[in-house]
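The block underneath contains the structure these notes are about, expressed in structure tokens.
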Amino acid sequence: MDLRIERGERVALLGPNGAGKTTLVMHLNGILTAGHGTVTVAGLPVRGDTLKEIRRRVGLVFQDPDDQLFMPTVREDVAFGPANLGVRGAELERRVHDALERVGMLDALDRPPHHLSFGQRRRVAVATVLAMEPEILVLDEPSSNLDPASRRELAEILRSLDVTVLMVTHDLPYALELCERALILSDGVIAADGPTREILADEALLSEHRLELPYGFAIPGARS
Ligand SMILES: Nc1ncnc2c1ncn2[C@@H]1O[C@H](COP(=O)(O)OP(=O)(O)OP(=O)(O)O)[C@@H](O)[C@H]1O
Ligand SMILES: [Mg+2]
């Protein structure tokens, strides 16, 4: 598979359950490593000696926030990544503060993450990655289990960031709203790559890959 994403693009990664979306994104920052062949991210082969640099560039928000949060307090969880990169003192404080403010979770600084609701943990998980100030933000189903207001607020956060985004989602309207470009991953291969509007307007393509627009949803401006 060869996937090129330009700086500043926001790209949706679509595809049915089991297509390999999570597997792909876990390769993008070296959580999984190749059994056969090689994986190269931003020109760097994924290896022990390049992992730190790859993780500095590619920030991954996991499908399940409980896989991301493991410290006694929200503050420590958000500080963990940048501290690992050598950020200290006032700069570390600033990163933690800014990241939590952006996701509306500053009030939770001293709370244990496991006392937060699922949607709140998702926001904190996003903050842990924002605090690393990555070049590429990769999110695995960021809108799942969020209430409508939180879903919209997360969209506003993502739009306001000056980073490249790759977003796995089953939420096709969310993909349309946020991403100019979409990919369909099917059985481990990229089956389609194009403007999100065109992909979502192609009913045959969608049904071939078990994708469905929500009931009553029409692509704005498309003829039916
Ligand atoms: N740890 C693992 N060991 C072996 N096979 C795995 C493992 N994790 C996933 N798989 C398999 O790899 C395939 C792709 O799984 P993956 O989790 O990447 O799918 P996905 O596209 O993210 O699906 P979903 O939409 O359900 O999250 C599936 O067939 C799955 O059974
Ligand atoms: Mg998945």
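Okay, here's what the table says:
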{"quantity": "Cα gyration tensor shape for the range 156-224, rounded if a/c is under 1.5, else prolate or oblate", "calculated": "oblate"}
{"quantity": "Other-chain or far-sequence residues with amide H under 5 Å of Ala191's (modelled H)", "calculated": "Ile184, Leu185, Ser186"}
{"quantity": "Glu177-Leu109 FRET efficiency (beta carbon distance; Förster radius 22 Å; 0.05 resolution)", "calculated": "0.15"}
{"quantity": "Per-bin percent of Cα-Cα distances, the range 10-208 [10 Å]", "calculated": "9, 35, 36, 17, 3, 0"}
{"quantity": "Given the chain, longest segment not containing exposed loop chymotrypsin sites (Phe, Trp or Tyr not before Pro) (DSSP; at most 13 other Cβ within 10 Å)", "calculated": "71-214"}
{"quantity": "Karplus 3J(HN,Hα) series, Hz, for the range 194-205 with 6.51 cos²θ - 1.76 cosθ + 1.60 (x for Gly, Pro)", "calculated": "x, x, 4, 4, 5, 5, 6, 7, 9, 4, 5, 4"}
{"quantity": "C-alpha center-to-center spacing [the range 100-162, the range 174-224] in angstrom", "calculated": "25"}
{"quantity": "Relative pair counts by distance (%), Cα atoms of the range 97-145, 5 Å bins", "calculated": "5, 21, 33, 24, 14, 3, 0"}
{"quantity": "Those trypsin sites (Lys or Arg not before Pro) in the range 45-119 that DSSP places in a loop and that have at most 15 other beta carbons within 10 Å", "calculated": "Arg47, Arg88"}
{"quantity": "Of all DSSP beta bridges in the range 96-214, antiparallel share, percent nearest 5", "calculated": "55"}
{"quantity": "Antiparallel bridges, percent of DSSP beta bridges restricted to the range 10-208 (to nearest 5)", "calculated": "30"}
{"quantity": "Cα-based shape type of the range 40-100, given that a ≥ b ≥ c are square roots of the gyration tensor eigenvalues and the cut on a/c is 1.5", "calculated": "oblate"}
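The numbers here are math on the coordinates, done by the rules we state, and not lab data. Predicted, not measured: the structure shown is a model, and the values here were computed from it. Ideal geometry is used to build each Cβ from the backbone, glycine not excepted, and the neighbour counts take in all protein chains shown.
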